[in-house]
Every structure is written in C-alpha cells, then in structure tokens.
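Data block below; observations after.
The values are calculated or read from the model by the stated rules, or taken from the named source; none is laboratory data. Note that the coordinates shown come from a computational prediction; the quantities given were computed from them, not determined experimentally. Note that we place each Cβ from the backbone using ideal geometry, even for glycine, and neighbour counts take in every protein chain shown. Areas reflect the complete protein model, heavy atoms only, side chains present, ligands, DNA and RNA absent. Shrake-Rupley method; radii C 1.70, N 1.55, O 1.52, S 1.80 Å.
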Amino acid sequence: MLHLENMVLCRESQVSTLQSLFGERHHFSFPSIFIYGHTASGKTYVTQTLLRSLELPHVFVNCVECFTLRLLLEQILNKLNHLSSSEGECSTHITCEIFNDFVRLFKQITEAENLKDQTVYIVLDKAEYLRDMEANLLPGFLRLQELTDRNVTVIFLSEIVWEKFRPNTGCFEPFVLYFPDYSIGNLQKILSHDHPPEYSADFYAAYINILLGVFYTVCRDLKELRHLAVLNFPKYCEPVVKGEANERDTRKLWRNIEPHLKKAMQTVYLREISSSQWEKLQKDDTDPGQLKGLSAYTHVELPYYSKFILIAAYLASYNPARTDKRFFLKHHGKIKKTNFLKKHEKTSNHLLGPKPFPLDRLLAILYSIVDSRVAPTANIFSQITSLVTLQLLTLVGHDDQLDEPKYKCTVSLDFIRAIARTVNFDIIKYLYDFL
C-alpha cells in the first residue's frame with residue numbers, strides 16, 4: 001500500500017474506494033463502476049496503476065480506437081483470450097459482430113483455469129463514445145456480470161457525468177466515483193516529485209512554484225504543465241550551470257526565466273512548434289515579441305478567392321448592414337458618420353463580437369471588393385463550405401434550414417489584416433469602427 005501511495009499522489013481517497021470495491025480476488029465485485037472527471041485528473045493512470053500493482057486480470061480498451069461495435073467486442077475478447085492462454089500457446093483471432101455472440105464467447109474464454117476463480121476487469125476508456133454505438137451496448141455492459149454469470153466488473157472512464165449516459169428506458173445503475181480537479185497544492189506536489197537527480201528537491205520545488213504562479217490561471221492540465229516544466233527547466237538552470245548564481249538566488253533565476261515563460265504563455269496547448277524548435281529558440285535569445293514559428297496561424301495558406309470570401313465575411317460580421325451602401329457603392333453621395341450613430345452603436349462592433357449575416361450579403365460584398373468579375377459558381381460555394389470546415393466561418397442555425405444560411409466570421413482583426421495584406425487589400429478603410 002505504501003508503494004502504491006508513492007506511485008499515485010493526491011488520490012488517496014479514490015484509491016481507497018477502488019480497493020474496497022475490488023475486495024479479494026475471488027470475491028464477486030461490483031458489476032459496473034463509472035469513474036468521471038475532467039481531462040488529466042488521473043482517472044486512467046490511477047485505474048491502470050491499481051490493476052497492474054495488484055496483478056488483477058484486466059483488459060484495457062480505448063473507445064476512440066474501437067469506434068465500431070465489432071472492433072470493440074473483438075478487442076475485448078482477443079485480449080481476454082490472450083490472458084487465458086498460456087505463453088507457449090498460440091491464440092487464434094476471435095471474430096464477433098453482435099452482443100449476443102459476445103456474451104457466449106465471453107463465457108467460453110473465462111472458463112479457463114487462470115480466470116475461473118478471480119474477478120476479471122474490463123476497463124473502457126473514453127466511454128462517452130459508447131453513446132454513439134448500438135442502443136443495447138451500454139445496458140449490456142452494465143449487466144455483464146448478470147448476463148454471463150461470471151465474476152466480471154466493467155469500469156467506465158469518462159469526462160462527462162453519468163446523467164448524460166442514462167438511457168430513457170432505464171438501466172442498471174453503476175457505482176459512480178468522481179475524480180475532482182487537482183488543486184494548486186496537489187499540482188505542486190506531483191510536479192515536484194519529478195525533480196532531476198542532479199538538482200536538490202527544494203531547488204526544483206521553487207521552480208515549480210514559479211511555473212504554477214505564471215500558468216495556473218490559464219492552464220490546470222497536469223500533462224500540459226508537466227510538458228512546460230520539462231521544456232523550460234534548462235533555461236531556469238542556466239545561471240547556476242554558468243556559475244552566475246547559486247540555487248538559492250531566486251531573484252536572479254526569476255529574472256532569467258521570466259521572458260521565456262512569457263513566450264511559452266503564447267503557445268499553451270497550441271503545439272505550433274516542436275520541443276526541439278522551442279529549445280533552439282531559447283538558445284538564440286531572440287526578442288520575446290519576435291518569435292519565428294510562433295503565431296503561425298496568422299500565415300495560413302488559402303486559395304485566392306477564399307481570402308476575399310473571408311475578408312467579405314469579416315466586413316459583413318463587423319459592419320452594420322446599412323453601412324454597406326457607404327462602403328461598396330461608387331455613387332452613394334456624402335453620408336456623415338454622425339448621421340449613423342445611435343445610442344446602441346456607441347460601443348465598438350469589435351467589442352460586441354461578430355454578428356450573423358446572410359449568404360446574399362456576403363456574396364454582394366465579395367463581388368464589390370474583387371476587381372475581376374466573379375461568377376457565383378459551385379467553386380465559390382464550395383470554398384465557403386471549406387472555410388466553415390476550417391472553423392474560420394461558423395454556420396449559424398441548423399444545416400437543414402429552409403431559408404438562406406447565415407454565417408459568422410470567427411477570425412481576429414490581426415488574422416484578417418494578415419490575410420488582407422497578402423492580396424493588397426486595405427481592410428481598415430472598409431471597417432465602420434475605424435472611420
């Protein structure tokens with residue numbers, strides 16, 4: 001138990017609950033256990049570590065990989081068959097297409113001598129994907145112990161609550177166990193546990209304290225924080241390695257690492273550059289504001305007309321509809337901005353966010369800003385669909401609505417200015433907020 005506590009930190013109550021549910025090897029365990037919590041809260045790691053350290057027979061299946069019923073059932077049966085067969089024995093591949101066959105084959109496999117007198121555990125990771133499969137699958141797994149008359153426990157690992165799973169027809173209720181998010185104290189303890197042997201534990205703990213002070217407000221994902229800790233630690237140690245400071249000189253160490261943590265703040269979760277490229281950038285000591293490779297999303301490559309469609313969409317999202325005449329008609333006459341102002345328009349449209357616009361308005365703006373004549377062909381419409389797929393535009397409402405579709409432009413001002421520069425279009429002249 002002490003060895004297990006050293007492997008699984010800050011999850012003592014959950015480990016204790018699971019151990020009491022598992023009981024002795026030959027005892028019948030709870031038929032189904034539902035474990036839920038946010039990503040990187042230790043669900044998968046704790047379950048796997050517990051089953052391996054206690055040497056319990058188990059099958060671990062990821063529902064993202066096994067995206068069809070057949071793949072899922074065959075994966076479970078073949079892994080179980082591998083457990084039941086001896087090392088020298090070559091096990092044949094089992095095929096199974098329906099849950100009824102799965103129950104029959106499961107009974108046959110678990111009759112093996114090494115699985116007969118102990119609980120078999122089936123762990124289904126990313127269990128929320130089961131909801132997209134056949135309707136009888138989830139109720140079947142919940143009652144698998146009853147259907148097979150075998151000592152089996154099914155463990156579901158999910159990021160969403162049990163209420164989102166429960167079928168309308170009702171089903172057997174599993175034992176529900178919640179894994180809460182790690183607190184800042186828990187993260188400090190877990191990350192400090194990874195300290196390199198060549199440095200003292202106190203030195204690494206001080207570094208983790210600085211790292212969490214910067215990133216905890218924007219990122220609480222343990223995997224991402226662990227990645228950032230490993231990536232930035234060599235830069236933190238640099239003054240100590242060069243002999244410019246000792247391990248206790250926290251002020252000098254902080255001054256050295258601060259600009260690099262600010263750089264890393266720009267790319268939390270994005271993975272725009274690889275770890276090796278990041279380390280190379282750190283060695284170059286470039287200006288924090290001028291990072292090659294970072295913010296690469298502002299240089300996205302799009303077809304020529306797609307760029308104009310995106311510009312037209314941005315103008316339609318952020319300009320009031322009644323200003324189109326002013327911007328896109330040659331002989332509109334003199335219209336002062338003060339005539340347009342109303343009480344609700346005193347706030348900048350960029351602060352209020354993008355507004356939906358119909359397809360007709362998008363095309364009308366497109367035809368007026370493109371120099372050459374553009375025919376409304378299928379090619380143009382397919383490019384609009386591609387921009388929606390790339391999430392640069394968002395379709396407002398349902399796909400099957402009868403009237404004309406409405407869209408919103410989701411890109412930022414910096415992004416659209418970068419796109420407009422590539423086609424020599426001064427977008428600022430056409431934005432109502434910048435008049």
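Give the residue, chosen from L21, L50, that is surrounded by 12 or more Cβ atoms within 10 Å (Cβ to Cβ) and in contact with a strand residue (DSSP E or B) (Cβ under 7 Å, 6 or more places away or on another chain).
Values: L50 fails: in contact with a strand residue (DSSP E or B) (Cβ under 7 Å, 6 or more places away or on another chain).
On inspection, the qualifying residue turns out to be L21.
Quick one: would you say F60 is modelled with pLDDT of 90 or more, in a strand (DSSP E or B) and closer than 25 Å to H27 by Cβ?
Working: modelled with pLDDT of 90 or more: yes; in a strand (DSSP E or B): yes; closer than 25 Å to H27 by Cβ: yes.
Considered against the rule, which asks whether it is modelled with pLDDT of 90 or more, in a strand (DSSP E or B) and closer than 25 Å to H27 by Cβ, F60 comes out as yes.
In a helix (DSSP H, G or I) and either open to solvent by less than 20 Å² (accessible area, probe 1.4 Å) or assigned by the TED database to the domain that holds L77 (or both): is that true of E163 in this structure? Full working, then the answer.
Values: in a helix (DSSP H, G or I): yes; either open to solvent by less than 20 Å² (accessible area, probe 1.4 Å) or assigned by the TED database to the domain that holds L77 (or both): yes.
When the stated conditions are applied, E163 passes them.
Taking the conditions exactly as written (in contact with a Ser or Thr (Cβ under 7 Å, 6 or more places away or on another chain), of a type outside the set (V, I, T) and in the same structural domain as E146 (by the TED database)), does L115 satisfy them or not?
Working: in contact with a Ser or Thr (Cβ under 7 Å, 6 or more places away or on another chain): yes; of a type outside the set (V, I, T): yes; in the same structural domain as E146 (by the TED database): yes.
So L115 passes the test.
Those helices (runs of 4 or more DSSP H) of segment 69-149 in which at least 2 residues are open to solvent by 30 Å² or more (accessible area, probe 1.4 Å), considering only elements entirely within it, cover 69-84, 99-109, 113-116, 144-148.
Can you pull out every residue in segment 150-160 that is within 22 Å of the chain's Cα centre (by Cα) and part of a loop (DSSP other than H, G, I, E, B)? The answer is E159, I160. The residues listed here are D400, D414; of these, the one that is out of contact with any Gly (no Cβ under 8 Å at 6 or more places or on another chain), at pLDDT 85 or above, among the charged types (D, E, K, R) and surrounded by fewer than 13 Cβ atoms within 10 Å (Cβ to Cβ) is D414.
Taking segment 417-435 as the range and being of a type outside the set (F, W, Y) and modelled with pLDDT under 85 as the test, only L435 passes.
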